[in-house]
Amino acid sequence: MRLDSRQFDLAALTVLCAVLLHATHFPLWLSLAMIGLIAARWLQRRRRPDWGKPPALLRLPLTLALPVVVWLQYGNIFGLDPGSVFAVGMLVLKLGETENVRDARAVATFASFVLMAALLFEQDMLTTLYVGLGVIPLLLLLRALEPDGSDAAQPAARVLLRDSRGVLLNLLAAVPLAALVFLFLPRLTAPLWATQSVPQGKSGLGDSMSPGGMKDLFLDDQPAFRVSFVAPAPPPAAQRYWRAVVLWRYDGLTWARAGGGPLDPTRQELRAQGPEVIYEITQEPGRQRWLFALDLPVADAPGYARDEDFTLAAARPVDKPLRYTLRSAPRYTLTGLDSQQRQRALRLPDGFNPRAVALGREWAQQYGDPQRIVQAALDMIRADFHYTLSAPELGRNAMDDFLFETRAGFCEHFASAFAVLMRAAGVPTRVVIGYQGGYWNETGDYMVVRQSDAHAWNEVWFDDRGWVRVDPTAAVRPDRIELGSGANAAFNRWYGSEWLLALRNRWDIANRLWTQLVVQFDEISQRGLLRGVGIEKADWRDLGIAFALGMGLFAALGLWWAVRRERGDADVVDRAYARLCTRLGRLGFARAPSEGPADYLRRLLQQRPQARESLEPLFARYLQLRYAQSEIADAAARDFARAVRRADLAALHGT
Amino acid sequence: MTAITPDTPLPLPSELRTRLDRAVAQVNGVVLGKANQVNHAFVSLIAGGHLLIEDLPGVGKTTLAHALAATLDLSFQRVQFTSDLLPSDIIGVSIFERDGQRFEFHPGPLFAQLVLADEINRATPKTQSALLEAMAEQQVTVDGRTHTLPAPFFVVATQNPLDLAGTYPLPDSQLDRFMLRISLDYPSREAERELLTSTNRQELIATLNPCMNAADIQALRQFVGSVVASPALIDYLQALIAATRSHADVRIGLSPRAGLALLAAARAQALLGGRGYVLPEDVQAVFVPVTAHRLTLGGAGQRDRVAVARELLAGVAVR
């Protein structure tokens, strides 16, 4: 059967929704090409319906071109990204040849898979909501494909309204089922499809640092992680340094993780001084294995490893939300630096930045004391450097150029330059990258740290204190530290208005809950839930049984509802009358089964004439509803049921 | 089908309503204490069926028929059925007319709007069949020519109980032609006393004036069709019909035609009650006279069909 224009429009809309859902991780030109194909086909169907579907000569090359395009774009046709392009492209091409009901059903079926696939990329609340919205045209399409779905006699808007209501009701009815599946379907500890491929477009800290490398991060407003403090209160703004990776090796351009030889976690011993801070971090998925901690994490927790430089790392990249609790000691001492470490913390590449190295050596001779050398460097930076996100280009001797020519840059430049100067002056120094700041969400009682809070600073070794954090950026731009990334002009708009800020806070809370309650709901949470209702040890079999029972109950409820609905509102009236008869029966005026309502009323009134006032209108309404018309209006039926419930039968008491 | 609210019970013109009420009252004035039977006679008239009155001689069968005839302004014929009555005696006969040199049809007594077929079971089956076929088809065919019977065409037949001597029982299939079968029974004590003390019934009938004419009856028959039978009512009706087909003592239950007759009679009953819609009570009121004579009983003991019909009625619940 050929599709009418309404059915085709819905099919096109369904495909469009699928494309839009995936557009966030498609190259722009590809999304546009797909939307263009949909639009072209839609226009053709509308203007020249007599053409039918495009000829094979057109369809075949397009179909063959799809894998080629995927290959050219990704260099691969397997994997998450190429696979999704392939699937969406196929869906678009299927719409191209959709002419009859069977094709449209295929489109709907495949579109549901494609919509679901969007959740492989992102599982946050908005994406889930978008997928839910995308399902609506799909269900509308399926409804329109039913034999009675396309009613040409009715105006299209009215049919759409009627169908939308039905579809929303269907979705609503499916919510308990979805909840059941969500809660009780046995979960696999490992994901069913191992999509270890890194989601593209997810920014985050890298494991190295080169001037300008963080610039994209500063513009990324996504949350990196959220922190709630167990005890005590959150640290002051100036203390919110969330360390991720410590960088040791410098090659003249890039700071990288380790400089020769594996790091030994037992090498240095930490002695906490004063109270510790206990906090829980919920980390957003990213590309790296690093976990985030305040200075300096003291306790080990299962599931991650701590290096000698207090870098924490998970066993594998954090590709789904991760939650962990940490303890940190803001004040501490460290045992001595061994020679290998000291050597690593002083090494500079030969033949780079001669002026900076010369300056460092000069300071070493001039001051001798590491404290004073650090002070000299900070004074210099404070004196005539300025902070800007649009730092000028630097040449081969990048730090020379920065220190003596451009004198403008952001944290990476300052941290890098500072480290070069210190190492040249013989002060062991390393670079730490992580996040600085964090926005305290009053309403939600937690702190959110965004990608734009990314920062780089230094740690300097003082023999009496151990590694001490020094932030040269703070020297030039103290407000950057006090206010966090909010000080960056790009985000001032966010904080410009009160209600926008409040909205943003609420939104962030909702996202956090979503992550904690839905995305992170795993086998362990499932067990916890079952323990909550008294089931101590639930294995997958118990879960399966609970699930099957729930499904059976759901199916029975659905069936009952369908049967009840089939009988319609005559039933409401019927039951109300039966209730009335029962009530009268209890008063001693039982109705004989074969007694008609009018006879019944006559008999009642003969025995209790005083009940005329209460009974007669009721019975008149009943006769009217049930026998005087062929269809019963919902409202009237409910009205009658209410009247029966409220009926005052006092007149029938006594004699 | 238009929904009718109680405020406007029926789109029945009030004069027609008045005339109908007066006609019913007038017949009741002659046939004393038989309101139910008179009511059934009118149900039959309004629903477009025919009426069979079965009872002992002398309880007022003929009186009822005569009272109806006198009350309705219809052309009236009475045929006394006897064992030597021939079909042509009631249908009519073609006679060669010497003047016109051709056969001329001379209509028999059946060509009247109200026909009283008295003691129908005294005639031979052949004659009975002629009458019943005419009733079913509203027309007669003589010598290859079809003659339409007048409208309205309403047959009131009487018959004696079957166990009396000298009767030819009507076959079941022909009983089906009568929409209702009623019996009169002995009058009550009061009614009998009045019968004995007041004017002779024959004389009383002679003084009656007609209250309704053919057009009124045709109009009423039109209105019957617009009486609402709601889905709930049809449910009840079907439950009753189904019960007749599954009852232990009933060999052959009600036919679909009987079901239609039951609905039509119930509609007429509702109309007579001044209602624009049918109630279960309307069905109950006409159930026994409409169905009893159509049930074919089986089983061990010989049972009265009326008793079985009453039992069926009591066994089906009104929901």
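The values are calculated or read from the model by the stated rules, or taken from the named source; none is laboratory data. Small disclaimer: the values here were computed from a predicted structure and weren't measured. Cβ: placed from backbone, ideal geometry, glycine included. Neighbour counts: every protein chain shown. Keep in mind that these areas ignore ligands, DNA and RNA; they rest on the heavy atoms of the full protein, side chains included. Shrake-Rupley method; radii C 1.70, N 1.55, O 1.52, S 1.80 Å.
Data overview
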| item | result |
| --- | --- |
| Residues of segment A:293-317 classified as within 23 Å of the chain's Cα centre (by Cα) and crowded, with 21+ Cβ neighbours inside 10 Å, total | 1 |
| Selection count where residues are touching a helix residue (DSSP H, G or I) at 6+ places or on another chain (Cβ under 6 Å) and within 9 Å of another protein chain (Cβ to nearest Cβ), scope segment B:230-259 | 4 |
| Criterion: touching a helix residue (DSSP H, G or I) at 6+ places or on another chain (Cβ under 7 Å), modelled with pLDDT of 90 or more and within 14 Å of chain A (Cβ to nearest Cβ) - qualifying residue of B:262, B:271 | B:271 |
| Inter-residue pairs, beta-carbon under 7 Å, first part of a helix (DSSP H, G or I) and in segment B:259-271, second open to solvent by less than 10 Å² (accessible area, probe 1.4 Å) and among the aromatic types (Phe, Trp, Tyr), 6+ apart | B:262/B:287 |
| Those residues of segment B:273-300 which are without any contact (Cβ under 8 Å) to a residue 24 or more places away in the chain and over 21 Å from the mean Cα position of the chain (by Cα), in sequence order | B:300 |
| Selection count where residues are facing chain A (nearest Cβ under 10 Å) and open to solvent by 30 Å² or more (accessible area, probe 1.4 Å), scope segment B:288-319 | 4 |
| Residue within segment A:424-439 that is modelled with pLDDT under 75, more than 30 Å from residue A:372 (Cα to Cα) and either under 21 Å from the mean Cα position of the chain (by Cα) or of a type in the set (Asp, Glu) (or both) present | no |
| Tally of residues being open to solvent by 10 Å² or more (accessible area, probe 1.4 Å) and of a type in the set (Gly, Ala, Ser) across segment A:429-466 | 2 |
| Sole residue being farther than 20 Å from residue B:289 by Cβ and assigned by TED's automatic domain parsing to the domain that holds residue B:158, chosen from B:68, B:56, B:51, B:74 | B:74 |
| Tally of residues being closer than 24 Å to residue A:407 by Cβ and aromatic (Phe, Trp, Tyr) across segment A:448-478 | 1 |
| Lone unmet requirement of (1) within 11 Å of another protein chain (Cβ to nearest Cβ); (2) surrounded by 15 or more Cβ atoms within 10 Å (Cβ to Cβ) for residue A:583 | (1) |
| Conditions (1) in contact with a strand residue (DSSP E or B) (Cβ under 6 Å, 6 or more places away or on another chain); (2) loosely packed, with under 14 Cβ neighbours inside 10 Å; number of the one not met by residue A:557 | (1) |
| Residue that is among the aromatic types (Phe, Trp, Tyr) and at pLDDT 85 or above, where the choices are B:96, B:103, B:154 | B:154 |
| Hits in segment A:271-288 - residues which are open to solvent by 40 Å² or more (accessible area, probe 1.4 Å) and either outside any loop (DSSP other than H, G, I, E, B) or aliphatic (A, V, I, L, M) (or both) | A:271, A:272, A:278, A:280 |
| Any hit, segment B:62-73, residues being among the polar types (S, T, N, Q), under 30 Å from residue B:16 (Cβ atoms), in contact with a Phe, Trp or Tyr (Cβ under 8 Å, 6 or more places away or on another chain) and at pLDDT 85 or above | no |
| Subset of segment A:84-106 (residues that are within 33 Å of the chain's Cα centre (by Cα) and open to solvent by 30 Å² or more (accessible area, probe 1.4 Å)) | A:86, A:90, A:93, A:94, A:105, A:106 |
| Cβ-Cβ under 7 Å pairs, at least 6 apart or on other chains, segment A:376-388 side more than 14 Å from residue A:363 (Cα to Cα) and part of a helix (DSSP H, G or I), far side open to solvent by 40 Å² or more (accessible area, probe 1.4 Å) and of a type outside the set (A, V, I, L, M) | A:384/A:407 |
| Number of positions in segment A:608-655 that are of a type in the set (S, T, N, Q) and within 14 Å of chain B (Cβ to nearest Cβ) | 3 |
| Wholly enclosed helices (runs of 4 or more DSSP H) of segment B:29-115 bearing at least 2 residues β-branched (Val, Ile, Thr) and out of contact with any Ser or Thr (no Cβ under 9 Å at 6 or more places or on another chain) | B:35-47, B:61-71 |
| Any chance residue B:285 is in contact with a helix residue (DSSP H, G or I) (Cβ under 6 Å, 6 or more places away or on another chain), within 14 Å of another protein chain (Cβ to nearest Cβ) and surrounded by fewer than 22 Cβ atoms within 10 Å (Cβ to Cβ) | no |
| Residues being surrounded by 17 or more Cβ atoms within 10 Å (Cβ to Cβ) and facing another protein chain (nearest Cβ under 9 Å) - total across segment A:588-607 | 8 |
